[in-house]
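Notes follow the structure.
Nothing in this text is a laboratory measurement; each read-out follows from the coordinates by a stated rule. This one's a predicted model, so the numbers in the text were calculated from it and none came from an experiment. Here Cβ is always computed from backbone atoms with ideal geometry, including for glycine, and neighbour counts include all displayed protein chains.
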Amino acid sequence: MQFNAYAQWTSTGTESVYSGGLIMPRRTPCPCITRLCLMAMWISVPARAVLAAWSLILFGLLVPGGPAWAQQAVTLTPHAQGLWLQGQVGVREDPTGQLTLQDLLQDRSGEPWHTPDGPLRLHGPSAWWLKIRLAVDARHDQWIVAFPTTAIRDIEFHGPFANDGLSWGLGAATGLIRPYASRPLGMERITYPFHVPFSGEYTIYVRVQNTIVQNITPTVWEVSDYLKNRQHKRLFDGVIYGILLTLLIYNLTLAGVFRDATYLHYVLTCAAALLTIGTFNGHTAHYLWPDSPWWIEHSYLIWPALWLACNAAFARVFLATARAGRAADLPVLALGAFAMLSAALGVTGAVGLAQRINETLALGGIAVVTAIALWIWRRGYAAAGWYLLAKLTLFVCVVGVVLVARGWWHAPFMLSNGLQIGIAAEMVVFAIALSARIRAIQREKTVLSLRASHLARAAMTDALTGLANRRGLAESAQRLLAQAGRHAVLLFDLDRFKPINDQHGHEVGDQVLVEIGRRLAQHCRDSDIAARLGGDEFVVLLGHCPDRPALDAMVQRLCDAVDAPLQIDGQAHQVSASVGVALAPVQGRELQPLLRLADQAMYSAKKTGSRFAFADPLPV
């Protein structure tokens with residue numbers, strides 16, 4: 001083991017890397033994700049910005065920090081935000097895990113303590129000892145050492161020890177591998193209460209074994225300040241949970257109403273996000289499985305992986321990547337597949353590998369899906385703009401969390417709440433995106449409905465006159481003739497029309513037919529139906545017609561309308577009509593038998609030279 005001027009060393013035989021306060025596995029970004037993000041650079045300026053920020057994050061996770069210096073004692077003074085111990089905690093690696101507290105107190109190993117100046121990110125197969133030196137110059141008995149996480153696998157507290165070696169604490173052991181009841185004070189975050197009865201210097205020793213890469217830089221609080229801070233945190237968590245639960249229930253209702261798979265995928269994503277946040281906040285361990293260390297430990301990998309998988313599935317459905325093409329669909333499918341693989345690894349206990357996959361997907365997946373959303377948005381899918389905004393919102397929050405974790409920005413609130421702020425904001429924007437998508441779908445459905453209605457009307461309308469055609473008459477007559485009351489079917493056959501057609505051409509003949517159709521429609525009531533059967537035959541279906549002689553007067557007015565002279569291209573023309581009348585329900589309620597009776601009556605009118613005639617009154 002070597003320690004150089006830059007405070008960088010590697011522990012051979014393990015996966016741990018210590019680098020100026022950054023202790024993490026040596027790794028590089030996934031080459032497939034990197035290539036996809038490079039492709040995004042050619043899409044637009046926003047895509048380049050996302051890629052640049054994403055690269056900066058990965059660079060920040062891998063680049064060494066600054067040098068270390070000797071540890072100084074921290075003077076205990078009450079502070080509303082606690083005393084942040086970055087750069088003030090001694091660190092010592094125990095690769096074998098065999099070092100005991102007695103070994104440290106008696107300094108048998110001879111190994112030095114190092115004081116990193118950056119955030120503590122201790123993990124890997126090694127165990128780590130922390131030494132926290134505290135100086136007391138005034139009487140404030142009750143204090144708490146608090147870690148900014150709920151997810152340390154195994155942690156033991158010893159002390160505080162006075163300079164004479166006397167311990168003023170009972171010690172404690174807790175972590176993910178122990179039931180929730182082992183946590184001192186019953187707090188979700190890892191805490192250790194202690195008291196210092198006299199002025200002087202004290203030392204607390206903490207043994208940490210951790211498998212998840214995270215910032216574990218502790219803070220020291222006076223008890224009342226910490227409890228006030230936790231009240232604010234609980235209130236904030238409650239607001240976030242309320243937002244997510246409201247969105248979940250609301251969209252679950254919409255999923256049942258619209259029967260749209262996109263809503264179901266949103267609900268699953270929202271549920272997974274809720275469980276992910278609840279896990280990181282320690283509430284699932286506190287309330288859902290407090291007596292199951294297996295679930296307490298593995299849920300930190302399983303739920304984030306399932307959230308990433310649901311996110312990929314939602315993106316695939318919402319953005320319709322399958323229709324957009326393989327270039328858009330395959331990366332999203334790959335993201336979902338790797339997320340499910342990570343969940344499976346989390347179940348089997350491959351914690352380190354599962355967490356690395358989750359990290360890569362969380363950072364690289366945002367860049368990939370953002371690039372795809374940009375591409376689809378630029379192809380004209382407006383709702384993808386909202387999806388893009390949701391991803392950028394989450395991305396900004398992730399950037400903030402990483403900046404704090406690297407020590408480049410001192411914002412404890414962001415470190416504790418940044419991820420859940422990003423997830424909640426993302427789900428809110430997703431809900432807006434769903435609304436925009438539904439509006440777009442409704443507009444498409446309206447256009448299709450209008451087009452279908454137009455086609456349906458066209459299928460039932462005579463193209464020349466605009467009256468109902470034979471099919472339109474049949475459908476309308478079926479409804480009208482089924483109603484109670486007296487109805488009449490009038491069949492018109494034009495006289496003197498053929499000479500006009502032969503002498504002046506079909507164009508003039510068509511204009512005559514159009515004018516006759518207009519006159520018939522003009523003299524019909526709202527309850528009546530005018531139709532052209534073809535050629536020079538017209539039908540008027542009188543709904544709820546009066547008894548004779550009022551009916552005779554109505555037929556006479558229609559005949560007069562047909563007989564009136566026509567002016568076409570400055571030339572006068574005149575036709576007349578022979579009309580046959582059949583009555584319903586006396587002579588039946590079906591259109592075709594009534595038309596046959598009306599046709600017979602019409603030929604009878606032609607033979608007798610009368611303008612109209614009624615069919616045989618006997619029922620069919």
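Excluding same-chain neighbours fewer than eight residues apart, the aspartates and glutamates reachable from residue 391 by a Cα-Cα span under 14 Å are 426. Based on Cα contacts under 8 Å between residues 6+ apart, region 472-620 shows a relative contact order of 30 percent. All other residues with a Cβ under 13 Å from the Cβ of residue 226 taken together, and with Lys, Arg as +1 and Asp, Glu as -1, what is their net charge? Net local charge, residue 226 excluded: +2. For region 471-620, the mean projected area of the C-alpha convex hull, equal to one quarter of the hull surface, is 8.6 nm². With the charge dipole of the chain set up from +1 on Lys and Arg Cβ and -1 on Asp and Glu Cβ about the Cα centre, the Cα lying farthest toward the positive end among the listed residues 335, 75, 205 is that of 335.
Region 427-494 and region 558-589 have Cα centres lying 28 Å from one another. Amide hydrogen proximity for residue 74: with H placed 1.01 Å from N in the peptide plane, the residues at 5 or more positions away or on another chain lying under 5 Å are 133, 134, 135.
Remark: relative contact order (the chain) = 10 percent; criterion is Cα-Cα distance under 8 angstrom and separation of 6 or more residues. Under 11 Å from a point 7 Å along the Cα-to-Cβ line of residue 483: which residues of region 532-553 have their amide N that close? Residues 542-545 qualify, since their backbone N sits under 11 Å from the label point. Taking 0.36 nm per residue of sequence separation and removing the Cα-Cα distance, the residue 428/residue 353 pair yields an extension gain of 23.9 nm.
Sorted from longest to shortest, the spans of the Cα atoms of region 85-202 along the three principal axes equal 40, 36, 27 Å. Listed by chain and number, the lysines whose alpha-carbon sits under 25 Å from that of residue 498, ignoring those within fewer than 8 places in the same chain, are 606, 607. Relative to the first principal axis of the alpha-carbon coordinates of the chain, what is the inclination of helix 326-348, with its axis defined by its Cα atoms, in degrees from 0 to 90 and to the nearest 10? Relative to the chain, helix 326-348 is tipped by roughly 40 degrees. Coupling constants for region 185-201 follow from the phi torsions by the Karplus curve (6.51 cos²θ - 1.76 cosθ + 1.60, θ = phi - 60°), and in residue order they are 6, x, 7, 5, 7, 6, 9, 9, x, 8, 9, 10, x, 10, 5, x, 10 Hz; glycine and proline get x.
The label point for residue 453 and the one for residue 79, both projected 7 Å from the Cα toward the Cβ, are 6.9 nm apart.
Net charge in the neighbourhood of residue 277 (other residues with Cβ under 15 Å of its Cβ; Lys, Arg +1, Asp, Glu -1) is 0. With r defined as the distance between the Cβ atoms of residue 607 and residue 574 and R0 fixed at 30 Å, what FRET efficiency is calculated, to the nearest 0.05? For residue 607 and residue 574, the calculated efficiency is 0.85.
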